[in-house]
Amino acid sequence: GCVLVVSVIEQLAQWHNSTVKAAVERLCNYIPGKYQIICHMLHRYCCIALIDREMNADVVCHSLKLCKQDPGQPLCHLYLPPKREKHSPGLFHALAHAGQKRQIPSKSFTGFSSICAFPLLANLCEKIKYVLRNKLPFEDFDGDKFSTFPTLRGYHWRGRDCNDKNTTVYPGRRPDNWDVKSDSNCNGIWGVDPKDGIPYEEKFCKGADSRGVVLLGDSAGAHFHIPPEWMTVTQMSAKSFANLPMAFTDELDWPQFSEITGFLNSTIGGWTDSLYLRLRSRNRCNHRDLQNISQNGIVVYLSFSLARNQLLDNPAIVIYATIGNDVCNGNRDTLAHMTTPKEMFSNVVQALRYLDSRLPNGSHVILTGLVDGRFLWDNLHDRYHPLGQLNRDITYSQLYSFLDCLRVRSLAVAYDPPPLSSRPAAKAPLPVPAQVSPCSGWLTPNETLRNLTSERALQLSNVLKEIARSEKFANFDIFYMDFPLRQTAEEWRRMGGEPWQLIEPVDGFHPSQIAAALGTSITWQKALHEWPQVLGKENPFNDQIEAIFKDQGGH
């Protein structure tokens, strides 16, 4: 975090030919509202005097002692180390020189190692911790797991509630008495046709195969995205950070634009196309029936997060897509910490049994195979990262090595419910040393390790394929599909694009908005041709529904 902020400050000063102090003030003025407090506290506690043309961000941040170096471990650096002088290693010499040249104040930044230590942000952090722990809306007054608030796991993540004071009113339920008097399922269709006295819900939605879509996924499914304009100083303005409050309270995820549950026009590049939008277009009665239960990180749990009542709700299409979690980890011996095929089978079947106890009869589950992440290194390693485009000094290879070097003390916490990911949960809260790298096995110059990681991913995909072939459940049928990376890349090339554009530019790891939209099209076509029963029938009354209720069904 320090290296990122200091790099932006240095580049702002360079681009605008200003002092470092003026660059900090400029950045602070770009930050919206109460979030400016973070910037001004940085200004107060961080040693700006260390930032000058002689010291890069690595030297500054190590001088501030924000990062603890374990004995025997190298000094982590994003930039190439300063040139060596005679017998002194460049980075060590630069750090010693920085300590002699600048006196770090006693009120250093080390007292604010957590952003939640900043005044005015503690309450917001508590809200975010709640939603991270429970994966449920923070603002949910009736406790039905749906909300009228967009972020903090609100309606960006699952259909918008239309009555947050009534626990029996929520998206996805079967209509109460055909919604004669009110809209019990929030699809915007209710009341009685005055011409014939038939309730609109009965006239338009009875026998229409209404169904919702639920994603159980990881950070790719949640659509993790850090806007590149946050660190591209040549394009930076107050407009660049206008979406920061929303992004922060959505965990840097953008599920409202995602491949499975996206429903708003994309504001982060590309375009929005999603399985939900296509199901809604096929049957307008499906309006708002979506849930994105995904999480950034390693272990994801189903407990208390899936909102489905077997007796009262419509069936659902559940997409099970943890496309990298079972082979991606931050451990130095990454291969030893990958999920084994035996663990994969046992825990996925356990999760499916749990789903069988929650989903209404007639539901469907689609298991998505793991991605072949060699695509990342092959297409990005020698390209410049957004932070390195001004001076052409940071490639993705450098970024990957930096993240791989950094180590954090994370806390693995066990919960009672069965895991969504097949990775076994920790038995008790234990401090676990881990690298910051999201995937040590693929984001590495070690070709052998990249190949072994992809080999394990293929083994685990074959386990999912076998589960779909052999396991049977009472309330849903199961299908398997490969993650459509190869088809997506081929389609994008036909459209004149480059493969690297399918990857998020800042983290160099997640699928981009373009990849998400193209993936939707490929998945939909496969379903139409191979499993048409999953998608339900086309509703012949769609145009009539839109004509009558166009002003009542906004997302």
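The values are calculated or read from the model by the stated rules, or taken from the named source; none is laboratory data. Predicted, not measured: the structure shown is a model, and the values here were computed from it. Note that we place each Cβ from the backbone using ideal geometry, even for glycine, and neighbour counts take in every protein chain shown. Surface areas here come from the heavy atoms of the whole protein model, side chains and all, with no ligands, DNA or RNA. Shrake-Rupley method; radii C 1.70, N 1.55, O 1.52, S 1.80 Å.
General remarks:
- Within the range 322-347, being modelled with pLDDT of 95 or more, farther than 25 Å from residue 446 by Cβ and surrounded by 16 or more Cβ atoms within 10 Å (Cβ to Cβ) holds for one residue alone: 345.
- Of all the criteria given as (1) part of a loop (DSSP other than H, G, I, E, B); (2) at pLDDT 95 or above, the one not satisfied by residue 298 is (2).
- Residues in the range 214-249 that are β-branched (Val, Ile, Thr), surrounded by 24 or more Cβ atoms within 10 Å (Cβ to Cβ) and not in a helix (DSSP H, G or I): 214 only.
- Out of 327, 318, one residue alone is in contact (Cβ under 8 Å) with a residue 24 or more places away in the chain, part of a strand (DSSP E or B) and farther than 30 Å from residue 37 by Cα. It is 318.
- Failed criterion for residue 153 (all others in (1) out of contact with any Phe, Trp or Tyr (no Cβ under 8 Å at 6 or more places or on another chain); (2) within 17 Å of residue 222 (Cβ to Cβ); (3) among the charged types (D, E, K, R) hold): (1)
- In the set 149, 141, 224, only one residue is touching a His at 6+ places or on another chain (Cβ under 7 Å) and aromatic (Phe, Trp, Tyr); that residue is 224.
- Top-ranked residue of the range 425-446 - restricted to ones that are modelled with pLDDT of 50 or more and over 22 Å from residue 381 (Cα atoms), ranked as surrounded by the fewest Cβ atoms within 10 Å (Cβ to Cβ): 433
- Whether a residue is over 18 Å from residue 328 (Cα atoms), at pLDDT 95 or above and surrounded by fewer than 21 Cβ atoms within 10 Å (Cβ to Cβ) was assessed, and residue 374 does not pass this test.
- Which numbered condition residue 365 misses (of (1) in a loop (DSSP other than H, G, I, E, B); (2) at pLDDT 95 or above; (3) more than 23 Å from residue 74 (Cα to Cα)): (1)
- For the range 26-38, a residue qualifies if it is more than 25 Å from the chain's Cα centre (by Cα) and either within 16 Å of residue 61 (Cβ to Cβ) or crowded, with 16+ Cβ neighbours inside 10 Å (or both), and the qualifying residues are 26, 27, 28.
- Condition broken by residue 415, with the remaining ones in (1) modelled with pLDDT of 95 or more; (2) in contact with a Phe, Trp or Tyr (Cβ under 9 Å, 6 or more places away or on another chain); (3) open to solvent by 20 Å² or more (accessible area, probe 1.4 Å) satisfied: (1)
- In summary, residue 265 fulfils each of the numbered conditions (1) touching a residue at least 24 places away in the same chain (Cβ under 8 Å); (2) open to solvent by 20 Å² or more (accessible area, probe 1.4 Å); (3) not aliphatic (A, V, I, L, M) with the single exception of condition (1).
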